[in-house]
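Coordinate-derived values only; no laboratory data. Worth saying up front: this structure is predicted, and the values here are computed from it rather than measured. Quick reminder, even Gly has a Cβ in these numbers, built from the backbone with ideal geometry, and neighbours come from all protein chains shown.
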Amino acid sequence: MATARTRAPLAPLLTALVALPAFGLDNGLARVPQMGYNSWYDLECSDAMNESTLRRIADRLVESGLKDLGYQYLNLDDCWAKSRRGDGTLVADEAKFPDGTLKPLADYVHSKGLLLGTYTDRGEQTCAGRPGAARHEELDAKTYAAWGIDYLKEDSCNASGDHLTAFMEYGKMRDALNATGRPVLFSLCGWKSWYAPMGSTLGNSWRIGPDDNNWQGVLQNIDIMNGLETYAGPGGWNDPCLLLSKKTTGEAIMTELQTRAQFSMWAVLAAPLLISGSVLNMSAETLATYSNKEVIQVSQDPLGRQGRRVLGGPVAEGTGNVFARPLADGSFALVFLNSGKEELNVTCGKECFGTLGLSAPLAARDLWAQQRLPDLQDLSFTALLPPAGGHRFLRVRSRGRFRGGLSLAG
Ligand code: GAL
């Protein structure tokens with residue numbers, strides 16, 4: 001008798017079989033979340049999204065010190081491709097990339113010690129109506145490898161929303177990239193949390209929610225990230241979308257405080273750190289935000305565990321929260337966040353610290369003030385946080401012995 005009990009396991013099994021790697025996603029990349037620049041929110045499809053601007057951005061990534069801090073990928077987003085030749089080979093928009101390929105840009109970016117990323121879509125067309133990868137996966141992967149591409153983001157516009165179809169289509173590009181023999185970081189962009197359980201079999205990162213676009217979008221994606229932590233780890237990461245700051249045109253999407261709050265949260269959530277604001281015209285404060293070595297160290301921690309909420313409720317509803325991430329040296333990164341409209345005291349007390357297995361006294365450091373705090377003699381810390389993005393970023397370590405190990409589970 002075909003009961004629910006006998007039928008239920010079939011779907012996940014089938015899914016697993018379909019997405020089983022033909023060669024395995026074993027490119028050795030993204031052992032820690034990728035870092036770099038992405039052109040989308042900065043340049044979108046404007047005339048400025050062209051080779052000469054991108055070369056200047058490469059220069060600036062080096063001069064500003066960002067490259068040496070780990071921001072190694074310079075990633076093009078939509079609007080670089082124009083058409084296909086008779087034999088199907090992709091052609092870059094010659095008005096933007098005079099050679100009609102991305103090879104000269106890749107050579108230049110490589111000469112700067114950086115890596116080049118590009119963008120496609122699993123449908124016939126990208127979101128902006130440029131050529132997509134459907135039915136051309138093998139040829140496109142070979143073309144990218146020949147140009148010297150190091151990173152590929154594959155979007156999901158104009159494609160089926162069916163899970164199995166999506167996994168199969170992403171699997172095609174994964175296998176095509178693998179077959180080239182060139183290590184290419186593969187970043188899925190399907191905007192849904194149902195990618196997470198399958199993510200690491202398909203790519204090095206997978207978008208779990210919609211475009212972040214603004215502060216409210218950032219908060220929504222933080223809420224989606226929470227609960228997906230078991231799916232993230234070295235080689236494959238949940239992706240809550242791009243880092244937001246002022247565009248090259250000068251338009252500010254969020255406040256400086258919110259840019260810093262997002263950066264803090266992306267570090268504690270082990271999210272890819274892709275700056276999608278102006279590099280050429282970056283404010284001193286934004287540069288200081290993206291250059292904080294101690295926060296970057298949390299993001300790039302080799303244990304590779306994604307943090308989770310230990311206090312509070314949905315941030316999109318405007319609340320006080322604490323998120324915690326266990327780190328390789330036995331310490332924890334803690335972000336206190338106020339997403340509400342009023343100033344707020346947020347306290348991590350016995351229960352909140354207790355779930356981390358920490359015992360008093362705690363040694364603590366403030367990663368934005370960059371200073372050691374007095375030891376927390378009892379298990380309690382209160383942060384007074386301004387509204388709409390107020391935050392504190394602590395790194396704490398038990399001075400005594402761990403009671404419950406390092407587990408964040410439960
Ligand atoms: C969206 C994607 C964005 C950006 C845009 C380009 O689907 O989520 O990150 O790539 O397409 O058209």
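Distant-in-sequence amide contacts of Leu385, defined by a placed amide H-H separation under 5 Å and a gap of 5 or more residues or a different chain, comprise Leu344, Asn345, Val346. Modelled this way, with points 7 Å down the Cα-to-C-beta line, the labels at Lys341 and Gln125 are 4.1 nm from one another. Over all other residues within a Cβ to Cβ distance under 12 Å of Ala284, the charged ones net out to -1, with Lys and Arg as +1 and Asp and Glu as -1. Semi-axes of the equivalent ellipsoid for region 117-204, computed as √(5λ) from the eigenvalues of its C-alpha gyration tensor and ordered from largest down, come to 19, 15, 11 Å.
Which pairs in the list Lys153/Lys247; Lys67/Lys350; Lys82/Lys172 are over 30 Å apart, alpha-carbon to alpha-carbon? Violating the 30 Å Cα-Cα cut-off are Lys67/Lys350.
For region 61-220, taking the reciprocal of the average inverse distance between every pair of different Cα atoms yields a Kirkwood hydrodynamic radius of 16.3 Å.
Of the peptides 178-188, 271-281, the order by per-residue mean of other Cβ atoms within 10 Å, starting with the highest, comes out as 271-281, 178-188. Using square roots of five times the C-alpha gyration tensor eigenvalues, list the equivalent-ellipsoid semi-axes of region 196-241 in whole Å, biggest first. Equivalent ellipsoid of region 196-241: 20, 10, 7 Å, largest first.
Under the Karplus relation 6.51 cos²θ - 1.76 cosθ + 1.60, θ = phi - 60°, what is the ordered set of whole-Hz ³J(HN,Hα) values for region 235-248, x standing for Gly and Pro? Once rounded to whole Hz, the list reads x, x, 10, 5, 10, x, 4, 8, 7, 9, 7, 4, 7, 4.
Fully extended, how many nm does the chain gain between Ser380 and Arg56 (0.36 nm per residue separation, minus their Cα-Cα distance)?
Details: separation 324, 0.36 × 324 = 116.64 nm, distance 4.77 nm.
Between Ser380 and Arg56, full extension yields 111.9 nm more.
How fast does region 268-410 diffuse by Stokes-Einstein, in µm²/s, taking the Kirkwood radius from C-alpha pairs at 10 °C and 1.306 mPa s? Before the final figure, lay out each step's value.
Numbers: Rh = 15.8 Å.
It comes out at roughly 101 µm²/s.
Between the alpha-carbon centres of region 338-358 and region 152-200 there is a gap of 37 Å. With bins 5 Å wide beginning at 0, the percent of Cα pairs of region 219-326 falling in each bin runs 2, 12, 23, 23, 19, 13, 6, 1. Put the Cα centre of region 105-138 next to the Cα centre of region 363-400 and the gap is 42 Å. For region 149-263, the convex hull spanned by the alpha carbon atoms encloses 126 Å³ per residue. Here the translational diffusion coefficient of the chain follows from Stokes-Einstein with Rh set to the Kirkwood radius across Cα pairs; for 25 °C and 0.890 mPa s it amounts to 112 µm²/s.
Remark: spin-label model distance Lys82-Glu94 equals 0.6 nm, labels positioned 7 Å along the Cα→Cβ axis. Using all pairs of distinct alpha-carbon atoms, the Kirkwood hydrodynamic radius of region 315-386 works out to 13.0 angstrom. Listed by chain and number, the aspartates and glutamates whose C-alpha is less than 15 Å from the C-alpha of Lys142, apart from same-chain residues fewer than 8 away, are Asp87, Asp150, Asp175.
Cα-based values for region 18-135, radius of gyration first and Dmax second, are 15.4, 46 Å. GNM on the chain, alpha-carbon springs under 10 angstrom: the most fluctuating residue among Ala30, Ala166, Ala128 is Ala128. Modelled spin labels at Ala252 and Arg135, positioned 7 Å past Cα toward Cβ, are 4.9 nm from each other.
Rg to Rh ratio, region 66-155, alpha-carbon atoms and Kirkwood radius? Reported Rg/Rh (Cα atoms, Kirkwood Rh): 0.97. Here the Karplus relation 6.51 cos²θ - 1.76 cosθ + 1.60, evaluated at θ = phi - 60°, turns the backbone of region 310-324 into coupling constants of 10, 8, x, x, x, 5, 5, 8, x, 9, x, 9, 10, 10, 9 Hz, with x for every Gly and Pro. Placing unit charges on the Cβ atoms of the charged side chains and taking the dipole of region 297-410 about its Cα centre, the candidate lying farthest along the positive direction among Gly320, Ala388, Leu367 is Leu367.
Beta bridges from DSSP with both residues in region 136-237: antiparallel share about 10 percent, rounded to the nearest 5. Amide H contacts under 5 Å for Gly277: Asn38, Ser245, restricted to partners 5 or more places along the chain or on a different chain, H placed in the peptide plane at 1.01 Å from N.
Couplings for region 282-295, taken from phi via the Karplus curve 6.51 cos²θ - 1.76 cosθ + 1.60 with θ = phi - 60°, read 7, 5, 4, 5, 5, 4, 5, 4, 6, 9, 5, 4, 6, 6 Hz in order; Gly and Pro are left as x.
Here's how it looks for Ala92: its modeled amide H is under 5 Å from those of Lys82, Thr101, which are all 5 or more places away or on a different chain.
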